[in-house]
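Enquirer: Quick one: this structure, given as structure tokens, is what I'll be asking you about.
The values are calculated or read from the model by the stated rules, or taken from the named source; none is laboratory data. Please read these numbers as outputs of a predicted model, since none were measured by experiment. Every residue, glycine among them, receives a Cβ derived from its backbone with ideal geometry; neighbour counts consider all protein chains shown. What goes into the accessible areas is simple: the full protein's heavy atoms, side chains included, and nothing from ligands, DNA or RNA. Shrake-Rupley method; radii C 1.70, N 1.55, O 1.52, S 1.80 Å.
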Amino acid sequence: FVGEIPMYRKGRRKGWIKEENIREVVVKERNRNIINEAFRVVRTNLEFMARKEEKGKVIMLTSINPESGKTFIAMNLAASFAIKGKKTLVIDLDLRKALLSGYVGSPKLGIADYLGHQIDRWQSAIVKEESRDNLDVFPVGTMPPNPTELLFDERLEQLLETLSAQRSEERRVGKECRS
């Protein structure tokens, strides 16, 4: 258990807004409301648990329940890390719905194109989140007819290893520059 995120309701309307209707990052710099504090607590607890890792951290959010808030939590947790100055890449691996990709306008190129060998350079599909430094999104791109098969492609494992090693190298170089 790393923390608890309260249900989020926008405005004074009755009922909770469903995940697919929220394309909003509520975590803001210098905001001390309850939802921002909750995301800071989760971020801090995750950092504490993984602090001994030398490689860049990979955090996966999943749930068997639809509309449980995975996308909302993923983007807002990523924003929390980015606000703290951590280089953060959010990868939309929901290759059927691609809700996270909606935060950056659902671009035509993305991870499905990379895993499906339609593009060679994964970097060409990364989208910079406009309102936040340090936050990038790797959208789904073309909706694949075979999402499960793509997730088993060796390119995904290689990509995660590359990203993790790249982050580790950036940290090492940063430490050398400060010395």
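Enquirer: Within the accessible area of the stretch 63-138, what % is carbon and sulfur when the probe is 1.4 Å and the other protein chains stay in place?
Expert: Working: 1840 of 3790 Å².
Roughly 48 percent of what the probe reaches on the stretch 63-138 is carbon or sulfur.
Enquirer: Between VAL2 and ARG32, 0.36 nm times their residue separation minus their Cα-Cα distance comes to what? Let's see the in-between values first.
Expert: Working: separation 30, 0.36 × 30 = 10.80 nm, distance 1.93 nm.
Here the segment from VAL2 to ARG32 would lengthen by 8.9 nm.
Enquirer: Here's something else I'd like to know. Quick one: length gained pulling GLN118 to GLU67 fully straight, 0.36 nm per residue minus the C-alpha distance? Let's see the in-between values first.
Expert: Values: separation 51, 0.36 × 51 = 18.36 nm, distance 3.03 nm.
Answer, rounded to one decimal: 15.3 nm.
Enquirer: For each pair in LYS70/LYS128; LYS87/LYS128; LYS57/LYS86; LYS84/LYS128; LYS108/LYS128; LYS57/LYS87, compute the distance between the two Cα atoms and list the pairs where it is over 19 Å. Don't skip to the end; give the middle numbers.
Expert: Values: LYS70/LYS128 21 Å; LYS87/LYS128 11 Å; LYS57/LYS86 11 Å; LYS84/LYS128 17 Å; LYS108/LYS128 15 Å; LYS57/LYS87 11 Å.
Flagged as over cut-off: LYS70/LYS128.
Enquirer: Also: With a 1.4 Å probe and all protein chains kept in place, how much accessible area does MET7 have, in Å² rounded to the nearest 10?
Expert: 130
Enquirer: Note down the accessible area of VAL137, probe 1.4 Å, to the nearest 10 Å².
Expert: 0
Enquirer: Is the shape of the stretch 55-120 rounded, prolate or oblate, going by the alpha carbon gyration tensor and its root eigenvalues a ≥ b ≥ c, with a/c under 1.5 for rounded and a/b larger than b/c for prolate? Don't jump to the answer; show the numbers that get you there.
Expert: Values: a/c = 1.70, a/b = 1.20, b/c = 1.42.
Taking the square roots of the gyration eigenvalues as a ≥ b ≥ c, the stretch 55-120 is oblate.
Enquirer: Let me ask another. Using the crude model of +1 on Lys and Arg Cβ and -1 on Asp and Glu Cβ, and no other charge, please compute the dipole size for the stretch 46-119 relative to its Cα centre, in debye to 20. Intermediate values should be presented prior to the final figure.
Expert: Working: 11 positive and 7 negative charges, 44 e Å.
My answer is approximately 220 debye.
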